[in-house]
Amino acid sequence: MKKLFTLLLLAVIALPTLAFDDNDYQKFVKEVKQDVWGRNLPQFNNRTIPAQYKNESAVILARYEELTVDLSKKFNVFALGNLKQNTAVYLKRYLIKINDKAALDKFSTFDFRTYDRSFNEFMLREDHRTVLGVRVIKANGTVKEVSSDEYQDDNEGKKGQEKRAKLAVPDLQVGDLIDYFTYDFDVIKEDNLDPTLFIFRADYPILDYQIHCAIDKKLCTQYRTMNGAPDFKSGQNGDNITLDAHVKNIDKTLPDYAFNPIAQAPFTLLYVTNTNVGLYYTPESAKQKGLQANPDAKVIQKDAWQPWSDYKLKWTLYKKLNKVVKDAKKLKTDEEKADYVYNYMVMQTLLFKRPYENAYNFSTLFPSILDRLKVEYGRGITTSLYNEPLDQLINYSDATRFIILKNGKCYFPLKQSVGANIIPSIYQNRDALRTDKPKKFAKGPFTSFRIAGSNASDNIETVDIDAAIDGGMMNIRRQNTMSGCEKEDIIPIYTTAEELVKAWGKPYEFTTFSDAYNYKESEAKARAAERAEQDKKDIPENFAKEIKAYHDKAPVKINGTKVLNFGENNLPFSYTVDYQMDGLVKKAGRNIVVSVGQLFGQQTHIEGKARKRDMDLIYDYPRSYSVTLNLNIPSGYSVAQESLQKLNNHIDNEAVRLTTKAEISDGKLVIIFQKVYKQQRVPVAKWEQVLSMLDRAYEFTSQQIILKKK
């Protein structure tokens, strides 16, 4: 605490001496461009592209990444000691051939941070700068560097220390080469750098990919190669550890569909850590200076357990949470008590659109409450779907802590949770370790297990549509209902705070949103009123975006929207939207043509080289999607029989199912569209089965029916 106070004092006193303005930045830009463009990188002189890539949207002829990290210690009288300071430079340079409009659109504009001289969370001034350099190379070999005059400030209406700029690359055309780089310069104090990810694959083929790292040997450098990534060649140059990799002709690209790069792409994850930072936890493995290539995951797992085991502080509960705990004591079973408290935290998370407590705080707060409730529990660690597996853990911060009751029920951090009875999708089917030792559990004993998954029948979105033709318009009333993981990230988008608290707050005697605040009544009501005004603006906008996303087109008008069920107590979440669309109904002489396929939501379209696949498919979770359309047939019209026959499909295999069928019932055209993804991970051997279903579903969106005049 004394050190923190002196650091804060230092930061305040030093403020007047730390000026950095646009003129300083432009001088820095000039120096960086001279350095980067002047480097001897012969691969950036290549202009030859193999014929096999002529149909690619773009080709990366050269890609170069360089990371340098230097540790310095500066004595300061106010800090009564040395301040640790990391200076890092991360250069990324690309030479790319633009072969079509899609690639042209992608590389024609840039938006980037120029500089940021803000404070970190400990009020220490840091220095972050980014330089963008761009050159356009024409087919005749002419090279033109984009002038700094073309860069536009992008700071209007923005607050804070960060400055931004944007660039529209002039005279870039299909057939050109673009040679560009980003140069990130960062000076951070008493802190560690963010991890660096090197992916040996891209959206386009890569002819030459080179990586060079030079890292101060006084730092701890740890890396993990994943999914077949090539290992670094390590060495030492003076006081620096060097890491190098050079790969050519990477023809495989990153799929867009059902692909998890962390689980499937070859990559290396690199952590550079100070061996002792006074204001942060330094894991035991990182106290060793130098290089640790692919360290034993069990050592890193111990890093994850240790600070949890060492935690000694006692939680003081807010008044409202304290009442929740007291009420939980009246319940019968351990699971009921734990659920009651956990769902309160979920409610607060949904209401305020941020976790009630972050993951680390949750891992100590929740068990401290269970202790008060005399509920027995164990502890577990795992990693999410978007982190490396637990048995390949490279940094303790990538592990997720969770709590396990004696009956095996797990309680995870709150960010994606929608209730105590639903395991967040990012943790389903993940390997985990648990210990039931109540104290000093960093060394175990541990039991390995796999967290439960879910089935397609658990995660369902059903859509019920009542539609009626109104001249050249279509009036649509649509109800969407979601269960299981389909509720994730949805509930707060369409629900006002007042609506949500009325549904979720009943067990806790909350009747209005102001009840959720830990403030005096007057301030709570004022904040609730502010939120109500914001909800009046945000919720209609969100529903308008939902309708546009469903049809890939904005509605003519929206008549009304309403949330029907709010997802509490493991119940579904559902809402209705009532709106009018054009472009779905056309006159054809005496008959009417209706584009019914466009009423079933946007469907995935796989085309081009993406139709060939050499990797498994990984979905977030198994799920079901079902739409039932009831279209009123106008008086005096009938549905042509040939139109009905085209609406029937059936595909069913180990991986997926698609069923569509149509019939006439009580003067209505009834169409049922059902799609099921049965597995979270589908072997690539079954790709053709999945592709067949996706093709059929996409083709269905173009289906029309003819209403014949009688």
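The values are calculated or read from the model by the stated rules, or taken from the named source; none is laboratory data. Fair warning: this is a prediction, and the values are worked out from it, not measured in the lab. Cβ sites come from the backbone with ideal geometry, for glycine too, and all protein chains shown count toward neighbours.
Is it the case that ASP256 is surrounded by 14 or more Cβ atoms within 10 Å (Cβ to Cβ) and either closer than 27 Å to ARG379 by Cα or at pLDDT below 95 (or both)?
no
Among the residues that make up region 481-488, is at least one of them outside any helix (DSSP H, G or I), among the charged types (D, E, K, R) and touching a residue at least 60 places away in the same chain (Cβ under 8 Å)? Yes: one or more hits. When LYS443, LYS439 are screened for being modelled with pLDDT under 95, over 27 Å from VAL341 (Cβ atoms) and more than 32 Å from the chain's Cα centre (by Cα), only LYS443 passes.
Filtered by the rule that a residue be within 19 Å of ARG477 (Cα to Cα) and either outside any strand (DSSP E or B) or touching a helix residue (DSSP H, G or I) at 6+ places or on another chain (Cβ under 6 Å) (or both), region 578-602 gives TYR579, GLY583, LEU584, SER595, VAL596, GLY597, GLN598, LEU599, PHE600, GLY601, GLN602.
All conditions but one from (1) touching a residue at least 24 places away in the same chain (Cβ under 8 Å); (2) touching a Ser or Thr at 6+ places or on another chain (Cβ under 7 Å) apply to VAL277; the one that does not is (2). If you check GLY471, GLY484 for being buried (at least 22 other Cβ atoms within 10 Å of the Cβ) and either out of contact with any helix residue (DSSP H, G or I) (no Cβ under 7 Å at 6 or more places or on another chain) or under 30 Å from LEU669 (Cβ atoms) (or both), only one passes: GLY484. Residues that are surrounded by 14 or more Cβ atoms within 10 Å (Cβ to Cβ), more than 30 Å from ASP339 (Cα to Cα), under 26 Å from the mean Cα position of the chain (by Cα) and not hydrophobic (A, V, I, L, M, F, W, C) occur at least once in region 522-541. Selection of region 1-56 for residues being part of a helix (DSSP H, G or I), at pLDDT 75 or above and among the hydrophobic types (A, V, I, L, M, F, W, C) yields PHE28, VAL29, VAL32, VAL36, TRP37, PHE44, ALA51. For region 545-565, state whether one or more residues are closer than 30 Å to GLU56 by Cβ and outside the structural domain of GLU688 (by TED's automatic domain parsing). Among the residues of region 545-565, at least one is closer than 30 Å to GLU56 by Cβ and outside the structural domain of GLU688 (by TED's automatic domain parsing), which makes the answer yes. Residues that are touching a Leu at 6+ places or on another chain (Cβ under 6 Å) and assigned to a strand (DSSP E or B) were ranked within region 229-248; the one that is surrounded by the most Cβ atoms within 10 Å (Cβ to Cβ) is ILE241. Scanning region 162-216 for residues that are among the β-branched types (Val, Ile, Thr) and part of a loop (DSSP other than H, G, I, E, B) yields a total of 2. For SER457, the test of being outside any loop (DSSP other than H, G, I, E, B) and loosely packed, with under 15 Cβ neighbours inside 10 Å is failed.
When you scan region 550-570, how many residues do you find that are closer than 17 Å to LYS487 by Cβ, part of a helix (DSSP H, G or I) and at pLDDT 95 or above? So the count comes out to 1.
The criterion of being free of Cβ contacts under 8 Å to residues at least 24 places away in the same chain and exposed (fewer than 14 other Cβ atoms within 10 Å of the Cβ) holds for THR316.
When GLN689, GLN679 are screened for being touching an Asp or Glu at 6+ places or on another chain (Cβ under 8 Å) and outside any loop (DSSP other than H, G, I, E, B), only GLN689 passes. Hey, among the residues in region 500-521 that are among the hydroxyl-bearing types (Ser, Thr, Tyr) and surrounded by fewer than 14 Cβ atoms within 10 Å (Cβ to Cβ), which one's nearest to ASN570 (Cα to Cα)? Step by step, filter region 500-521, then rank; the result is THR511.
Scanning region 620-659 for residues that are charged (D, E, K, R) and in a loop (DSSP other than H, G, I, E, B), we see that the one that is farthest from ALA456 (Cα to Cα) is LYS646.
Number of residues in region 671-709 that are under 18 Å from VAL585 (Cβ atoms) and surrounded by fewer than 21 Cβ atoms within 10 Å (Cβ to Cβ) equals 7. Only a single item in (1) in a loop (DSSP other than H, G, I, E, B); (2) without any contact (Cβ under 8 Å) to a residue 40 or more places away in the chain; (3) under 30 Å from LEU193 (Cβ atoms) is not met by VAL299, and it is number (1). TRP305 satisfies every condition listed in (1) buried (at least 20 other Cβ atoms within 10 Å of the Cβ); (2) aromatic (Phe, Trp, Tyr); (3) over 30 Å from CYS220 (Cα atoms) except (3).
Looking across ARG434, ARG450, ARG401, one residue alone is in contact with a Pro (Cβ under 9 Å, 6 or more places away or on another chain) and basic (Lys, Arg). It is ARG401. In region 90-107, the count of residues that are buried (at least 17 other Cβ atoms within 10 Å of the Cβ) and either at pLDDT below 85 or not assigned by TED's automatic domain parsing to the domain that holds ALA202 (or both) is zero. Considering only residues that are in contact with a Phe, Trp or Tyr (Cβ under 7 Å, 6 or more places away or on another chain) and either in a loop (DSSP other than H, G, I, E, B) or free of Cβ contacts under 8 Å to residues at least 60 places away in the same chain (or both), look in region 604-614 and name the one that is nearest to ASP466 (Cα to Cα). The residue in question is THR604.
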